[in-house]
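**Student:** The structure's right below; bear with me while I get my questions together.
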Amino acid sequence: MSDHYRLTVGLEIHAELNTNTKMFCDSANDPEASLPNSNICPVCMAHPGTLPVINRKAVEHVLRVGAAIGGTFADHTEFDRKSYFYPDIPKGYQISQFENPLISGGSLVGVPVTRIHLEEDTARSTHHASTQLDSSTENAEGKSLVDFNRAGVPLMELVTEPEIHDAKTAGEFARELQLLLRTLGASHANLEKGEMRVEANISISKTDELGTKVEVKNLNSFRSVERAIAFEVERQSKLLDAGEKIIQETRGWDEGKQLTFSQRLKEGSADYRYFPEPDLPKLVLSEDPEFSREKILSELPELPWARRARYTEIGLKESDAVFIGSSIERSSFFDELLKLIGDSKTLPILSANYIVSDLGGYYAKTGTKEYANFSQAAFLELMTMIENGELSSRGAKDVLLVLAEHGGSPKEIATQKSLLQVSDPEALRNTTKQILAEHPGVVKEYKEGKVALLQFLVGQAMKATQGAGNPSVLRELILKEIG
């Protein structure tokens, strides 16, 4: 059914910015604060007579993101009041940007961006059932409590054009934005902590005209973004095929049931009654040399796509370059390793193989902090031992596991576990003669043309040396003995 319709998705992504203080006051911006309502003040609690002041660092973060994606800086920009009445909005309105965002245009992974603007975050509401109570909420059964620590935290909102036509691209966009935010130091962007929140505006149509838009919230993982879009395509196509209409509404995503559910009818911009914030000055960015596009661009670090390109230029497979470049921890470790490696053309590729396949799998399985137990120097020592033939592939994996779990010296680990590989032909010659003597029939069949049996003979020799024999040396010795 869904194949008959053209999917169109636009994303709205919010990210809490890394600043010392909140957006319009000097209360601490501390996402790890555990005591409710400990980081508040008269400004973020909207006491009468208080006035907001713009957080300069938050403006800079948004400009850096905008510069990185090729967006246009606004010369004139201002803040607006967005009115709505929820318990988590202490003022009865949110200070945001409407007509004049800081950034317009730009693109990321080929998806055009409409705008990036700044606003303040809301407080956090929690509803307490009897099973959720503790000593701090013992009198809260059946009640909703509001923690204002998050109220007023600087929040970046990025809106894409409705030009995404498959769920995979939507997920890729969100992943790349998270990596960009972390690369720039603008946000930790952890979805599971609510530091980055993705909302998808989804519609389907049989023509190029957009269908009725449905907004889906509560998407707290990239996989949820993709699954929610896929679910909505099926839900909406079934309704249209049955002759029913799509309702413009806001829906939530239920991760447990893997479906969306209706929350409320979707508001339009007129419902928010936007008007310019009278307590904040207009900003003219061209009057501040620190906010010039040239200065912002000159101070950007290496961006994710440039880093991936650099990795492929030194010989890494594209998939390995993507994997290593998709994590700040991995790419930082690898870049420092490259400095130690120097001019070698082979060690970077060998190192990438073990980082992606072995360490990648180990850290994904255990969830432990990456590269916490060993240095780049220790890892390079291991790679050099592999390249020099001192360790077999199997031995290298065993040493790397100990290194990841406990650290230490690769050479000492290999020695203690008797994993060092024997590459001296004289030390292996008697072993190969013995194997050939024990398998005369196999030798005869090999000479008659069954060349695949050579690997059997090498395997028997490896077994006889308890895995310590260098397979390349054993192979050469066997071929020489067979003649």
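The values are calculated or read from the model by the stated rules, or taken from the named source; none is laboratory data. Keep in mind that this is a model prediction, so the values were computed, not measured. Counting neighbours? That spans all protein chains shown, and the Cβs are built from the backbone with ideal geometry, glycine included.
**Student:** Please verify whether residue 231 is among the aromatic types (Phe, Trp, Tyr), in contact (Cβ under 8 Å) with a residue 12 or more places away in the chain and farther than 28 Å from residue 193 by Cβ, treating the condition exactly as stated.
**Tutor:** no
**Student:** May I pose another question? Within the stretch 277-326, how many residues turn out to be small (Gly, Ala, Ser), part of a loop (DSSP other than H, G, I, E, B), under 30 Å from residue 354 (Cα atoms) and free of Cβ contacts under 8 Å to residues at least 60 places away in the same chain?
**Tutor:** The qualifying residues number 1.
**Student:** Still on this model: Out of 62, 109, report the one residue that is surrounded by fewer than 20 Cβ atoms within 10 Å (Cβ to Cβ) and either closer than 15 Å to residue 181 by Cβ or free of Cβ contacts under 8 Å to residues at least 12 places away in the same chain (or both).
**Tutor:** 109
**Student:** Mind listing just one residue for me: the one in the stretch 112-149 that is modelled with pLDDT under 95 and basic (Lys, Arg) and, of those, farthest from residue 23 (Cα to Cα)?
**Tutor:** 143
**Student:** Hey, can you tell me all the residues within the stretch 161-174 that are buried (at least 18 other Cβ atoms within 10 Å of the Cβ), over 8 Å from residue 13 (Cβ atoms) and touching a helix residue (DSSP H, G or I) at 6+ places or on another chain (Cβ under 7 Å)?
**Tutor:** Those that are buried (at least 18 other Cβ atoms within 10 Å of the Cβ), over 8 Å from residue 13 (Cβ atoms) and touching a helix residue (DSSP H, G or I) at 6+ places or on another chain (Cβ under 7 Å): 164, 167, 170, 171.
**Student:** Criterion first (part of a helix (DSSP H, G or I) and modelled with pLDDT of 95 or more) does residue 331 satisfy it?
**Tutor:** Considered against the rule, which asks whether it is part of a helix (DSSP H, G or I) and modelled with pLDDT of 95 or more, residue 331 comes out as yes.
**Student:** Among the numbered criteria (1) in contact with a helix residue (DSSP H, G or I) (Cβ under 7 Å, 6 or more places away or on another chain); (2) buried (at least 17 other Cβ atoms within 10 Å of the Cβ); (3) over 21 Å from residue 189 (Cα atoms), which single criterion is violated by residue 80?
**Tutor:** The one condition residue 80 does not meet is (1).
**Student:** Still on this structure: Can you tell me which residue in the stretch 333-347 is nearest to residue 384 (Cα to Cα), limited to those that are free of Cβ contacts under 8 Å to residues at least 40 places away in the same chain and under 22 Å from the mean Cα position of the chain (by Cα)?
**Tutor:** Step by step, filter the stretch 333-347, then rank; the result is 334.
**Student:** Moving on. Listed residues 405, 445, 476, 412; which is surrounded by fewer than 19 Cβ atoms within 10 Å (Cβ to Cβ), touching a residue at least 40 places away in the same chain (Cβ under 8 Å) and assigned to a helix (DSSP H, G or I)?
**Tutor:** The conditions single out 476.
**Student:** Taking the stretch 28-45, which residues are out of contact with any Phe, Trp or Tyr (no Cβ under 9 Å at 6 or more places or on another chain) and assigned to a loop (DSSP other than H, G, I, E, B)?
**Tutor:** Answer for the stretch 28-45, where residues must be out of contact with any Phe, Trp or Tyr (no Cβ under 9 Å at 6 or more places or on another chain) and assigned to a loop (DSSP other than H, G, I, E, B): 29, 30, 31, 32, 33, 34, 35, 38, 41, 42.
**Student:** Residues in the stretch 229-247: is at least one aliphatic (A, V, I, L, M), under 16 Å from residue 12 (Cβ atoms) and either in contact with a Phe, Trp or Tyr (Cβ under 9 Å, 6 or more places away or on another chain) or not in a strand (DSSP E or B) (or both)?
**Tutor:** Yes; the residues of the stretch 229-247 include at least one that is aliphatic (A, V, I, L, M), under 16 Å from residue 12 (Cβ atoms) and either in contact with a Phe, Trp or Tyr (Cβ under 9 Å, 6 or more places away or on another chain) or not in a strand (DSSP E or B) (or both).
**Student:** What tally of residues in the stretch 63-103 results from selecting those that are farther than 18 Å from residue 25 by Cα and either touching a strand residue (DSSP E or B) at 6+ places or on another chain (Cβ under 9 Å) or at pLDDT below 95 (or both)?
**Tutor:** 26
**Student:** Out of 101, 48, 42, 52, report the one residue that is under 30 Å from residue 147 (Cβ atoms), free of Cβ contacts under 8 Å to residues at least 40 places away in the same chain and surrounded by 20 or more Cβ atoms within 10 Å (Cβ to Cβ).
**Tutor:** It is 101.
**Student:** Something else about it: Answer with yes or no whether residue 460 is within 22 Å of residue 427 (Cβ to Cβ) and surrounded by fewer than 12 Cβ atoms within 10 Å (Cβ to Cβ).
**Tutor:** So residue 460 does not fit the description; no.
**Student:** Within the stretch 9-18, track down each residue that is surrounded by fewer than 20 Cβ atoms within 10 Å (Cβ to Cβ) and either touching a Gly at 6+ places or on another chain (Cβ under 8 Å) or not acidic (Asp, Glu) (or both).
**Tutor:** Listed by number, the list holds a single entry, 14.
**Student:** For residue 252, which of the numbered conditions (1) outside any loop (DSSP other than H, G, I, E, B); (2) within 24 Å of residue 23 (Cβ to Cβ) fails to hold?
**Tutor:** So residue 252 meets the others, but not (2).
**Student:** Identify all residues within the stretch 175-194 that are outside any helix (DSSP H, G or I), polar (S, T, N, Q) and in contact (Cβ under 8 Å) with a residue 12 or more places away in the chain; write none if there are none.
**Tutor:** 187
**Student:** Restricting attention to the stretch 375-393, which residues are under 17 Å from residue 331 (Cα atoms) and either outside any helix (DSSP H, G or I) or modelled with pLDDT under 85 (or both)?
**Tutor:** Result: 375, single match.
**Student:** Would you call residue 70 part of a loop (DSSP other than H, G, I, E, B) and within 29 Å of the chain's Cα centre (by Cα)?
**Tutor:** Answer is yes for this residue.
**Student:** In addition: Being without any contact (Cβ under 8 Å) to a residue 60 or more places away in the chain and over 17 Å from residue 215 (Cβ atoms) is true for just one of 171, 152. Which residue is that?
**Tutor:** 171
**Student:** I'd like to know if the stretch 223-235 contains one or more residues that are surrounded by fewer than 19 Cβ atoms within 10 Å (Cβ to Cβ), touching a strand residue (DSSP E or B) at 6+ places or on another chain (Cβ under 8 Å) and either small (Gly, Ala, Ser) or within 17 Å of residue 162 (Cβ to Cβ) (or both).
**Tutor:** No; the residues of the stretch 223-235 include none that is surrounded by fewer than 19 Cβ atoms within 10 Å (Cβ to Cβ), touching a strand residue (DSSP E or B) at 6+ places or on another chain (Cβ under 8 Å) and either small (Gly, Ala, Ser) or within 17 Å of residue 162 (Cβ to Cβ) (or both).
**Student:** I would also like to ask the following. Quick test of your reading of the structure: residue 427 fulfils all but one of (1) loosely packed, with under 15 Cβ neighbours inside 10 Å; (2) under 43 Å from the mean Cα position of the chain (by Cα); (3) in a helix (DSSP H, G or I); (4) at pLDDT below 90. Name the failing condition by number.
**Tutor:** Residue 427 satisfies all of (1) loosely packed, with under 15 Cβ neighbours inside 10 Å; (2) under 43 Å from the mean Cα position of the chain (by Cα); (3) in a helix (DSSP H, G or I); (4) at pLDDT below 90 except (2).
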